[in-house]
Each structure stands twice: as C-alpha cells, then as structure tokens.
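Throughout, read-outs are computed from the coordinates displayed, never taken from laboratory work. Predicted, not measured: the structure shown is a model, and the values here were computed from it. Cβ atoms come from the backbone with ideal geometry, glycine included; neighbour counts cover every protein chain shown.
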Amino acid sequence: MDQGLPYFLRFIERFPSIEILANASLDDVLQQWEGLGYYSRARNLRKAARFVVDELGGQIPSTYDSLLSLPGVGPYTAAAISSIAFDQPHAVVDGNVIRVLSRLISFSDDVSLSSSKARLQELANLLLDSDRPGSHNEGLMELGALVCTPNPDCKHCPVNAFCSGFKAGNPTSFPVKRAAKKTPHFDIAVGVIEDEMGRIYVQKRREDGMLGGLWEFPGGKQEASESLQETCRREVWEETGMEVKVGKHIASINHSYSHFRITLHAFSCAQTAPSLPTSTLEWEWVVNEHLQAYAFPKANRDLINILTDLTSLSEGNQE
Ligand code: SF4
C-alpha cells in the first residue's frame, strides 16, 4: 500500500478519466507504471479502458460475470470490484485471506494446490456477509495484512475466539505450503552501444512477452563456457545485426523477478564498422539525457542512472 499509493496518485492525475486512459499511448502508460513491475497489468488496464470506451459506451461493467469479460480481469479482481464498488456478494481470496482462513480452520492441505484454493474459496463464500460484502472483504484482507501476519498478533485479534490455529497454539503452522523451489539465477550481458554522435542504441520489447512494450539495452543470457564479453557480443549481433567491439565493464546490477533473479552486466560497446541495425524490434539512437523519457525495466533504469552519474562525473572532471 505504501509503495503503491504514490503511483496511484500520479496515475490518476495523469489519466483522470477512462477516456483519457483509453486514448493514451502504451509508452505513456508504461512510463507512469515504471518501477512497479507486473507490466502486463499496465497493458491490460489500458486495453480494458479501450474496451470499455469502444465497446461499452464508457460504462464500467457492474456485475461479476461482465467484469470477467475485461482484459486482465480474473475471478479475484472481478470479486474485488463487484463487491467493493457495486456491493455484490462475491468473496475475495488473496494471499492474506488464505493465511487467515487456513489458520481459522487449521487447514492441513497444501494451499498451492488448486483443490485447496477451491475449498478455501468455498469457505470464504460461506463466511461472506452478503449485506456488506465490500466491507467484509476489505476487513478480511486487512486482518491478514495487519494482524494475522506471518507473525500473528493473536492476543489482539478480533476473531481469536473462533480460531482453531490459535486455540491449538500453532497458528504459524498454517498455511501449509510445499517447500519452495530454489529461485533460478541468470547472468545477463547487455551492450551500451554508442554511435559516433554519442547517442545510445535502445530497442523496444515485443508487446506480447514479459516486460512487453518497455525499452531496453540489447543483450541476453550467458551460455555455458562463454565469457560475459562473448555473451554481450553474440547477443548484440543476434538481436541487432550490429557487429561490436566489447569495451569496459560499466556495472553489474542485481534484480529479482517473481520467479527468477538476474545479474545484469553492462559493457560499453562500439560498432566495428558503421552499419544500420537490422533488428525486427522498434529501435532508436537516443542521447543519454533523453533516456529518462522512455519506460525501462528496473535493472535497465538503474543502469541509465549509473550512465548519467558517469557522464556528469566526466563533465565535472573536464571543467
Ligand atoms: S487468532 Fe491469530 S491465527 Fe487466528 S486469525 Fe487471529 S491472528 Fe490469525
């Protein structure tokens, strides 16, 4: 909530109506979203706004089933919107609610199984106060976020009289989850290619993939028995068709995504002979100061900030 609120306020100020959001460019929407992660949500939000404006006369659907027709809206979001905004009896089950419910009934099955999720959804439906479904859902989510946390404050919990986990003295044994798999890690080498005018090459990721629509430096995963410099040269060639000489190492930046971690190693590069990029992606040569106007994933943005610091440092040294 603390992280999201400043983004929400900026987003609402920039796109104050559904029509404005529907007509905004994807670049603009992604730029407002930059740093939040889960970029498919930004793309879907814009797509949903377009759908509402173009197909539904600007009227946001008010029922659970019709909400499900919007891009990016699944059972969880449809239940949240229909109950909180339209007072309809649909129970919301998110991670916090799963924790509360599984402790309340000492639920011993693995909650990552879809059968477990279905049973907890059934329980949430049964418990739902259908006179005030929005307040009920918000209350349960808040209980999980503030009281029934990984280290629960059972003494001050308003439902401790009904809680099986608390009564048995083992609330933190729930929810039961199978051991998490080790998060994979990848080394990525990217090239910061400068042309003779000091502009830097950037390209735009395809809209349908991970981080779709965001800009990036060309590069990719290190393969076995390859040095990072070799990875950088190969990936730049494969992605852009430009033959480059890989120069000095600029920085290595760690970043975590939901299912894997990366270390992004950036190298300064120059073309061995001037040639036009042949990438099928949209690409541009951009002066460093203008890179702030493009939406980049977090690790690339960290790299741009480092490049900006290096530029100001060298300019300062020249004065
Ligand atoms: S009593 Fe403890 S374990 Fe049970 S719901 Fe409340 S905070 Fe969670």
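Assorted remarks:
- Counting DSSP beta bridges with both ends in the chain, the antiparallel % (nearest 5): 65
- Two-site FRET efficiency, residue 199 against residue 256, from Cβ-Cβ distance with R₀ of 35 Å, rounded to 0.05: 0.65
- Size of electric dipole in the chain: Cβ of Lys, Arg +1 and of Asp, Glu -1, about Cα centre, debye, nearest 20: 1280
- Degrees, to the nearest 10: 133-146 long Cα axis against longest axis of the chain: 70
- Among 197, 91, 241 the positive-end extreme of the charge dipole of the chain (Cβ point charges): 91
- Extension gain for residue 105-residue 162 works out to 19.6 nm (0.36 nm per residue, less the C-alpha to C-alpha distance).
- Kirkwood analysis of the chain, using all unique Cα-Cα pairs, places the hydrodynamic radius at 23.1 Å.
- For the chain, built as a Gaussian network whose Cα springs stay under 10 Å, the top-fluctuating residue of 105, 60, 84: 105
- Region 185-318 pair-distance distribution - Cα-Cα, 10 Å bins, rounded %: 12, 45, 36, 7, 0
- Computed from Cα atoms, the angle from the helix 75-84 axis to the main principal axis of the chain rounds to 60 degrees.
- Furthest towards positive pole of dipole, 184, 213, 292, structure part the chain, Cβ charges: 184
- Taking the longest Cα principal axis of the chain as reference, the axis of helix 298-318 is set at about 40 degrees.
- Rotationally averaged projected area of region 90-180 (alpha carbon convex hull; nm²): 5.7
- Beta bridges assigned by DSSP with both partners in region 185-318 are antiparallel in approximately 70 percent of cases.
- Centre separation in Å (Cα based) which lies between region 204-263 and region 100-145: 42
- Charge sum, other residues only, whose C-beta stays under 12 Å from residue 89's C-beta, Lys/Arg counted +1 and Asp/Glu -1: -2
- Taking Cα centre as origin and charging only the Cβ of basic (Lys, Arg, +1) and acidic (Asp, Glu, -1) residues, the dipole magnitude of region 185-318 rounds to 280 debye.
- Where Rh is the Kirkwood radius over Cα pairs, Rg/Rh for region 1-72: 0.97
- Taking the Cα centre of region 115-265 as reference, the dipole from Cβ charges on Lys and Arg (+1) and Asp and Glu (-1) amounts to some 760 debye.
- Residue among 115, 20, 52 farthest towards the positive dipole end of the chain, charges placed on Cβ: 115
- When the Gaussian network model of the chain links Cα atoms closer than 10 Å, the mean-square fluctuations of 67, 120, 45 top out at 120.
- Using alpha carbons only: equivalent-ellipsoid semi-axes of region 70-109, gyration tensor based, whole Å: 24, 12, 7
- Cα centroid separation, region 32-68 to region 285-299: 26 Å.
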